[in-house]
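The values are calculated or read from the model by the stated rules, or taken from the named source; none is laboratory data. Predicted model only: the values in this text are computed from it and were never measured. Don't worry about glycine lacking a Cβ; one is built from the backbone with ideal geometry, like all the others, and counts go over all protein chains shown. Heads up: the accessible areas ignore ligands, DNA and RNA and are worked out on the full protein's heavy atoms, side chains in. Shrake-Rupley method; radii C 1.70, N 1.55, O 1.52, S 1.80 Å.
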Amino acid sequence: MQTNFASFSLLTSTDLYLVKNFKLLASLWCLLACFTAVAQTKTPKFTINGYLKDAKSGETLIGATMYVKELKTGATSNEYGFYAISLPEGTYTLVYTFIGYQTQTKTITLTENVQISIEFATEDVALAEVVVTERAADENIQAVEMSVNKVDMSTLRKMPALLGEVDVVRSIQLLPGVSTVGEGATGFNVRGGNIDQNLVLLDEAPVFNSSHLFGFFSVFNPDAVKDIKLVKGGIPAQYGGRLSSLLDVRLKEGNNKKFTMQGGLGLIFSRFSIEAPIVKDKGSFIIAGRRSYIDVLAKPFLSGGLSNSQFYFYDLTAKANYTLGKKDKLFLSGYFGRDVFGANFRFNWGNATATLRWNHVFNNKLFLNLTGYYSNYDYLLGTLGTTTNGDGFQWASNIINYSVKPEFTYYVSPKNTLTFGGQLIVHTFKPGSTTVTSGNTSIVRVLEEKAALEMALYVGNEQKVTDKLSLQYGLRYSYFNNNTDFTYNFGNPAIQGTRRPFVSKTSSGGFANSPNYGNFEPRAALNYVFNSQNSVKLSYNRMAQYIHLLSNTAAATPLDVWTPSSNNIKPQIADQIALGYFRNFKDDSYEFSVEGYYKEMQNQIDYIDGAELFLNELFEQDLLSGFGRAYGLEFYLKKNKGRFTGWVSYTLARTERKVAGISQDDWFPTRFDKPHNLNVVAFYELSKKLTLSANFTLASGTPGTFPTDRFVLRDIGNIPNSANESRNNFRIPAYHRLDVSLTWDRAKPNRRWKGSWVFAVYNIYNRRNPFAIYFRQNPDNLTQTQAIEFSVFGSFLPSVTYNFKF
């Protein structure tokens, strides 16, 4: 946003200088504060560290806690199950806890550095003590992070699901601040951000399309997922590259104790996974696969040109780990998935990722995670080779990333944890290659491949200032260089908001002269704990995004193209501030929070009317740039314990843009603006074997651009017209839906085979929610205009799934 500083007449010239340079000063303060925290901390004499694991499977536990009774301090295991704490010499009582597991207590006399790794045994709880969380009961009060939601897999598996398939992405859409433009839409929107403004990581590798089947299912196999974390604000300095959120999905490591298998059989698709030790207690692996088979079921009913139809998706997820010694551990994980549709017309797309990680403990305080990854998203569209006369076409596009990221964690003291490191990303964009065949002649056209380099350095510190006040602050510096061979130059349009005229195509002049950008990105969060049941949190983050998804359709599709920042496309910048109040009730059985946020966004991409984005070398002349803003309140009430559990979330928010040449240069709502969004998720334990679940959603309709009047011409009919040329000037009707499910646990004591049936009904009261509205002339009377509602689901959808584990 641009600010008119001259309007602040009461400010002195010095004050104006400080205001103008606030972001730079904040960045320098964060950097200096991190190193000051290290320099001023007296180093305790001895360190306790180790790994916290599940005793049955050997899986490391994320977020398990170690508490020192005598000092009333402790540590929490990181994403790799590692913890460390430095203490003075003495005798201490150490309490290790993790929800759903038995607490372990150890008394030690600390006279030297020591490694203590704990394996937690599961805890059998009575029916009235059922818990729907896998974190510390008061973590929402004590943790400095805010705008964070975690969904544990045991809860997710009980939620009603479309056609019986547990879905990570659809489940997070039931959380405050998260929405989607409608059923069948790819991706999700967080706090006013577009779907490309979410950093979706699978074992630290980015996933560019998180959906199967045009958004109905996610690419994440629930049998292979270990942990899900959504961060909407106060994003730590080690993450960047997107404006709105971080969805961090971690895969299981595999059972290193014994062989196990699990899966599910559904009506239209099934899944299966195996886990086993490579060497017991040293290494393990997991392989999980899924495939839909609606094409197989439909084949007997198809004939003629549809007899060879293909419409299915599949994915394969795998991970292995091996402990090289007390200080070294290796992880290798990968994902490959694809959607295939078409008969005479072929359409397929998919993601592929591979991640190699090395964990190394340098000493009792310094921990390293070194990550290298590969990520590829591509699609293919065409009819090549399918027609009898040999005519056809094929269109392919993809984006490829390679990256290396060293991340160090230095456990300075029980009150300071320092994180620092860097990242290097090599981007390759292949926007399109086409082959058109006619008879024996083929014409090949390849749009220019684009390459870019993205780098970042970061440092952050989490500091407990007093028993009541905790801080998390850091600084990230990001740099981007578009080293594509050519740049395109355009003139100013004759009319604002229309296509810019092409001027020239020039050589970029090599790496040193290529379009490049750099940004300081300060991050800060504060938590003040009034008592064990109340806290207030405040956060600020600046984010920079250098790659962009081009889409001018009602909802994103698999055919949308990614493109880098260039001389014509500036990096997107977002500044967000959030304030929240957190409260627990009745021995942490209930938790409540309310968060307010305000976000300003710069260089938001929009499009002229009739923009040509695909297979167009000069697509940048059809792009517009403007400002965005998003603000709102998020309410969240959750019941964690008892036979009846669940949560209610309500979001009151607005998302708007202001782009020169659109809506008379005034603010207008984005396509994904939803002022009201209510979600209710409920679970009721009927018995030890039966669980009844329900989801209810009520949300405002999304905006659309509708004509305000029309011209009627004889023999031609209606010509729609918008009198004030406003964008997204009407809303489709409100969206609401109720889903229910019943889980019947068939497991028997002392038997390895465990099975359960899940009976579910999606959209139980048969609501036809409109996804979009379009207009057409009445074929029987050309002077009449008809408004047609398009609904993705026109009826309720029952399903039954059998899940098993051995």
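Among the trypsin sites (Lys or Arg not before Pro) within segment 535-591, those in coil by DSSP and having at most 12 neighbouring Cβ atoms inside 10 Å are 586.
The listed residues 377, 67 rank as 67, 377 when sorted by accessible area, largest first, using a 1.4 Å probe.
Reported value for segment 569-707: 170 Å³ per residue, from the convex hull of its C-alpha atoms. Note on residue 358 and residue 791: their simple-model spin labels are 5.8 nm apart, each label 7 Å out from Cα toward Cβ.
Given the convex hull over the Cα atoms of segment 170-277, what projected area results after averaging over all orientations, in nm²?
Details: hull surface 32.2 nm².
Average of the hull's projected areas for segment 170-277 equals 8.1 nm².
Three principal axis extents of segment 62-106 based on alpha-carbon atoms, in descending order, are 29, 20, 14 Å. When the alpha-carbon atoms of the chain are used, the pair Rg, Dmax equals 27.5, 97 angstrom. If you take all other residues with their beta carbon under 15 Å from the beta carbon of residue 595, and give Lys and Arg +1 and Asp and Glu -1, the sum is +3. Comparing 698, 441, 409 along the charge dipole axis of the chain, the residue lying farthest to the positive side is 409, per the Cβ-charge model. Each Lys or Arg adds one and each Asp or Glu subtracts one; over the other residues with Cβ under 15 Å from the Cβ of residue 432, this totals -4.
Which of the chymotrypsin sites (Phe, Trp or Tyr not before Pro) found in segment 257-304 are in a DSSP loop and have at most 11 neighbouring Cβ atoms, other than their own, within 10 Å? Working shown, then result.
On the way: sites: 259, 269, 272, 285, 293, 301; in loops: 259, 293.
Taking segment 257-304 and a limit of 11 other Cβ atoms within 10 Å, the loop chymotrypsin sites (Phe, Trp or Tyr not before Pro) found are 259.
Per-residue ellipticity at 222 nm for the chain, helices alone: DSSP H runs ≥ 4 residues times -39500 (n - 2.57), over residue total, nearest 500 deg cm²/dmol? Computed mean residue ellipticity for the chain: -1500 deg cm²/dmol. Shown here for segment 654-696: trypsin sites (Lys or Arg not before Pro) in loop regions (DSSP other than H, G, I, E, B) with at most 14 other Cβ atoms within 10 Å, namely 688, 689. Most simply put, the chain has about 95% antiparallel DSSP beta bridges, counting only bridges with both residues inside it. Hull volume per residue, based on the alpha-carbon atoms of segment 543-591 and their convex hull, is 164 Å³.
Show me 222-235, 78-91 ranked by packing, highest mean number of other Cβ atoms within 10 Å first.
On the way: 222-235: 23.1, 78-91: 18.6.
Going by the mean number of other Cβ atoms within 10 Å, highest first, we get 222-235, 78-91.
Compactness of segment 306-407 is given as radius of gyration and Dmax, 20.7, 71 Å, from Cα positions. Largest accessible area first, the listed residues 120, 46 line up as 46, 120 when surface is computed with a 1.4 Å probe on the assembled protein chains. So how tilted is helix 22-39 from the main axis of the chain? Cα-based, degrees 0 to 90, rounded to 10. Tilt of helix 22-39: around 20 degrees.
In segment 530-613, the ratio of gyration radius to Kirkwood radius, Rg to Rh, stands at 1.21 when only Cα atoms are counted. Here the accessible area is traced with a 1.4 Å probe on the protein chains. For the chain, carbon and sulfur cover 59 percent of it.
Relative to the present Cα-Cα distance, how much length would full extension add between residue 93 and residue 70 at 0.36 nm per residue of separation?
Numbers: separation 23, 0.36 × 23 = 8.28 nm, distance 0.69 nm.
Extending this stretch completely gives an extra 7.6 nm.
Three semi-axes describe the equivalent ellipsoid of segment 217-362; taken as square roots of 5 times the Cα gyration tensor eigenvalues and ordered largest first, they are 35, 22, 12 Å. When +1 charges are put on Lys and Arg Cβ atoms and -1 charges on Asp and Glu Cβ atoms, the dipole computed for the chain relative to its Cα centre reaches about 1800 debye. Near residue 526, once Lys and Arg are set to +1 and Asp and Glu to -1 for all other residues with Cβ below 14 Å from its Cβ, the sum equals +1.
Taking every protein chain into account, the accessible area of segment 718-781 amounts to 61 square angstrom per residue (probe 1.4 Å).
Highest mean packing first, where packing is the average number of other Cβ atoms within 10 Å per residue, the peptides 764-774, 624-634, 497-507 line up as 624-634, 764-774, 497-507.
At 0.36 nm per residue, minus the direct Cα-Cα distance, what do residue 506 and residue 805 gain on full extension? Give it in nm, one decimal, please. Could the numbers behind the result be given before it?
Working: separation 299, 0.36 × 299 = 107.64 nm, distance 6.09 nm.
Full extension from residue 506 to residue 805 adds 101.6 nm.
FRET efficiency for residue 105 and residue 46, Cβ-Cβ distance as r, R0 = 22 Å, nearest 0.05? Could the numbers behind the result be given before it?
Numbers: r = 20 Å, r/R0 = 0.89.
With a Förster radius of 22 Å, E is 0.65.
Note on segment 598-672: Kirkwood hydrodynamic radius from all Cα pairs is 15.3 Å, rounded to one decimal.
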